[in-house]
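Notes follow once the structure below has been shown.
Computed from the coordinates by the stated procedures, all read-outs in this text should not be read as laboratory data. The structure displayed is predicted, hence computed values, not measured ones. Using ideal geometry, Cβ is built from the backbone for each residue, glycine included, and neighbour counts are taken over all protein chains shown.
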Amino acid sequence: MKKYLAECIGTATLVILGCGTAMLVGCDAAAGSGYLLTALAFGLTIVAMAYSIGNISGCHINPAVSLGVLLTGGMDVKEFVGYVISQCVGAFAGSGILALIFGLGKVTDMTGGFGANGLAGVGGNVLAGLIVEIVLTFIFVIAILGVTSKKGNHGSFGGLVIGLTLVVVHILGIGLTGTSVNPARSIGPAVAAAISGNTAPLASLWVFIVGPLVGAALAACTYKALEK
């Protein structure tokens, strides 16, 4: 149970710091600093969690990452299900904490939806959104599989490499889809936004579940083929 609790805490932390930063600074293309601050918030949170809970659960804090690990033989189906449930619970908890902070403190949510993902940056085009999420998740997950491989020789720098990879995919993806690459991170804020009265993120939520999972599956298959 410790690893499931670790995944829950890690995912909640990612949502609080990543989505919370997006809510606070916004992601308007006219203010590029908001992009960078949000990208850094997500990436640096991964770095912090990798070095704090990585030795307990592996610090997946992302169903797409867990799927990649499952498909490369790093975990079994039962464990995978437990991880995904824990990650989603963590995302809901993180979104709930943000609702309390921003609600009680009367802080303006600059994103208008708890940092939820959307398709506005790609003109509402579903196919474009799927391509963005598949490609970015592929890059993120294959980097994780490589840096955590027993054949790798990355020493104690693995967490830093993973965090910086998340930063760079956010720098590109924020202006397009808000960058999910993580179904749990998308589900929590979308549901929180709906509860608060903004149901728009729910309409495209499936894109941010399917896209990352497909990208992760492709990354796992590609990595296995390259590793042979």
Per the Kirkwood formula over distinct C-alpha pairs, the hydrodynamic radius of the chain in angstrom is 17.1
Does the stretch 23-112 classify as rounded, prolate or oblate by the C-alpha gyration tensor (a ≥ b ≥ c root eigenvalues; a/c under 1.5 gives rounded; else a/b over b/c gives prolate, otherwise oblate)?
prolate
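Going by the alpha-carbon gyration tensor, a ≥ b ≥ c the square roots of its eigenvalues, is the stretch 1-72 rounded (a/c under 1.5) or, if a/c is not under 1.5, prolate (a/b greater than b/c) versus oblate?
On the way: a/c = 2.78, a/b = 2.10, b/c = 1.32.
Judged from the Cα gyration tensor, the stretch 1-72 comes out prolate (a/c at least 1.5, a/b above b/c).
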Under 20 Å Cα to Cα from Lys3, which lysines show up? Leave out anything in the same chain fewer than 8 places away.
Lys78
Among Leu24, Leu205, Met49 the positive-end extreme of the charge dipole of the chain (Cβ point charges):
Met49
Divide by every residue of the chain the summed helix terms, -39500 (n - 2.57) for each DSSP H run of at least 4, and state the resulting mean residue ellipticity at 222 nm, rounded to the nearest 500 deg cm²/dmol.
-23000 deg cm²/dmol
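About the Cα centre of the stretch 2-227, how large is the charge dipole given +1 on each Lys and Arg Cβ and -1 on each Asp and Glu Cβ? Please answer in debye to the nearest 20.
340
Where in the chain are the DSSP H helices whose alpha-carbon span along the long axis reaches 27 Å or more and whose Kyte-Doolittle mean is at least -0.5?
What comes out of the filter, once short or polar helices are dropped, is 32-57, 77-104, 126-147, 207-227.
Quote to one decimal, in nm, the extra length available between Leu5 and Glu227 on full extension: 0.36 nm per residue of separation minus the C-alpha distance between them. Show your work: numbers first, answer last.
Details: separation 222, 0.36 × 222 = 79.92 nm, distance 3.17 nm.
Full extension of this stretch gives 76.7 nm more.
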